[in-house]
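FYI, it's all coordinate maths here, none of it is from the lab. As the structure is a prediction and not an experimental result, all values here were calculated from the model. Cβ placement follows ideal geometry from the backbone for every residue including glycine, while neighbour counts extend to all protein chains displayed.
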């Protein structure tokens, strides 16, 4: 059916007065009441219509009601009850006053009027009855308390004239909808009761009032205040939202920011989260907080863009005195609510002038300081303030803020503990990894280690180990698992590799011994139940700069990438080998010739499995990064990580070792075949001295002659032919090597007083920097290193 508008404009005397006291509107009802036509009064001061003397001031507040004397056009004075609503500026219109008074309906309806029988007038539910012109006919005492006016004063007024607010207009349209359709309607609306500044949530039931013939004669409205239940639902929803939004990561700063984001604008207009700086307390918050207290701004949030209310930025620290809300709340261990009106903040704001200026600039009027506490420790304080919302914090707001902050505090403490454990594990990892790579004549190398973005440090490691004969070993390994346990296991395996490398084991033999060690570690830790000691992978390579050959073996580890000078990067083809800790399976090594300038890239699987792509695609990116021309291996390492790893970090830790081989020139190596006759040792010594003269190393002749004489003599006496002597030198070291086909290694011992022999190796050990023996496929080699230049004292 078409909607009919039953409003009778002349049934109410209505005028509008601007904030300057000038009449701007005058309806037909006002003309009927006082006799003045609209053109006679519009634009003139409203005070001219008063029957009394003087010019009274405009009322204050949002509503005014009272009886005044008004001057009729014929000169007589009328005593009229007026209801005035102040309407603030809106939609470009300036503020004004709506003044109304009813012209009819002042008398109570007859007893048999169906409108009078429309509801339970004594009901505690707020009830009002509107006639077919949507003017008030009856309301009970509960509704009169809501309106804040007695029934006899507002009877005959429309809802918009009684309420005077925009929400009243919407509710009046709902009344009209029920009147015209004859169907009941439930409406939820926020309305202010009486002169209250804060709106209540109302649930209004609108039903048509019918006479005996079934005709709709009006509308009955029953209103229920559901503010408390609505706020309870909102608080429960906010708590649930906080449990989902706070603690999404194990990052302290991110968690603090999530707490601030949840509180704005639901609880406050501006929120700051300040936490104790653990560095000032040895990594742990103090058991008891005392003022003054130094806090670090972890996060803040505001309803205003850019958080202009903030005095300090996140990451900065500030000291708070004992009279500040932050320090008082933390030392007391409870929530403190302060207000500008009560003077609670005066001392703090006068002491901190910049904060006082911000408070006055943005109109901050209320503050709530909530200590961030978890597991008996105070971690910091959350300060919630209001300036856009005019209402102060209530006891329910305090409970809600404490509930949310407590949930966030547990997440912050978890993140803090995780960060501390992560830093501990990182410190352990750094202490176990080489601080710098040794400089050798065999190769130049650069390395990188990156812990996992979320899982933390793991068991990845790398190493470069100088060996005898100018050779060098390169190793990269990966222990299963993450955390301190994996790092500790990595340290044990790296130490074992260095120990095994010192006795010059072949790569496949070294991995066999390392496999046995991992098996023992697993047995000691209880088998499969201990993460980090179940298994590992490893790649071990030995490069000889004299022969320019590299021997490589791996245990379940990714194969290295090889790029020869002028060539394209490719994967080195060598047997895979089982992972360490499997046991019972052999390891195989492969030997490859590497021209000088060859680049080798050794890495853990975290590098090639860092993104959602297969290994082939990752290796292609690795080939591209290695294939770009550059003289710096550091630049190459950075380019590889940038190309293969996501910006947020890898899911697994990554170890990368990039090396460029160097060959030892042939003129820095001299070799002699030693005859079996001890009498010929003297000529050999002479040839050695001559070679040292050719190398301009005459200062080392005496020591070298003694060492060569002892090692060659021992080989002739106790070794097997053929015997070979080799001298190798670089800028700082001279190496003497004597090889024979016997597999019996000499042992250093202290000779007794009457022994005729046994002092040779002791003499060698005293004269040289290092000495040792290594087994080869043909026999053994005894070697000794002599420093060419004394270190500066």
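Numbers for the structure displayed
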read-out: Point-to-point label distance, residue 396-residue 251, nm (Cα→Cβ direction, 7 Å offset); value: 3.6
read-out: Degrees between helix 227-245 axis and first principal axis of the chain (Cα, 0 to 90, nearest 10); value: 10
read-out: Kirkwood hydrodynamic radius over Cα pairs of the range 187-339, then Stokes diffusion coefficient at 4 °C and 1.567 mPa s, in µm²/s; value: 66
read-out: Alpha-carbon gyration tensor eigenvalues x 5, square-rooted, for the range 656-726, Å; value: 27, 18, 11
read-out: Cβ-derived FRET efficiency at R0 41 Å, residue 322 paired with residue 571, nearest 0.05; value: 0.05
read-out: On Cα atoms only, tilt of 615-627 relative to the major axis of the chain in degrees; value: 70
read-out: DSSP-defined antiparallel bridges as percent of all bridges, the chain, nearest 5; value: 100
read-out: At R0 = 41 Å, FRET efficiency that the Cβ-Cβ distance of residue 346 and residue 76 yields, to 0.05; value: 0.10
read-out: Net lengthening on full extension, residue 547/residue 631 (0.36 nm per residue, minus Cα-Cα); value: 27.8 nm
read-out: Two-decimal Rg to Rh for the range 400-539 - Kirkwood Rh, Cα set; value: 1.12
read-out: Between 0 and 90°, nearest 10: helix 633-644 axis offset from the chain longest Cα axis; value: 40
read-out: Protection proxy ranking of 257-269, 687-699 - average other beta-carbon atoms within 10 Å, highest first; value: 257-269, 687-699
read-out: Compactness index (Cα Rg / 2.2 N^0.38 Å), the chain; value: 1.66
read-out: Distance between modelled label sites at residue 303 and residue 616, nm, 7 Å Cα→Cβ extension; value: 5.9
read-out: Sorted peptide list for 469-479, 73-83, criterion being average Cβ within 10 angstrom, highest first; value: 469-479, 73-83
read-out: Per-bin percent of Cα-Cα distances, the range 666-787 [5 Å]; value: 2, 11, 23, 24, 21, 13, 5, 1, 0, 0
read-out: Gain in span if fully extended, residue 39 to residue 624, counting 0.36 nm per residue against the direct Cα distance; value: 201.8 nm
read-out: Contour excess over end-to-end distance, with Cα ends at residue 696 and residue 677 and 0.36 nm allotted per residue; value: 3.9 nm
read-out: Cα extents of the range 231-422 along the three principal axes, largest first (Å); value: 45, 39, 30
read-out: Inter-probe distance in nm under a simple model that places probes 7 Å from Cα toward Cβ, at residue 777 and residue 444; value: 3.3
read-out: Against the rule of thumb 2.2 N^0.38 Å, how large the Cα Rg of the range 9-102 comes out; value: 1.02
read-out: Calculated FRET value between residue 212 and residue 236, using beta carbons and R₀ = 41 Å, to 0.05; value: 0.30
read-out: Along each principal axis, Cα extent of the range 220-262, largest first, Å; value: 57, 13, 12
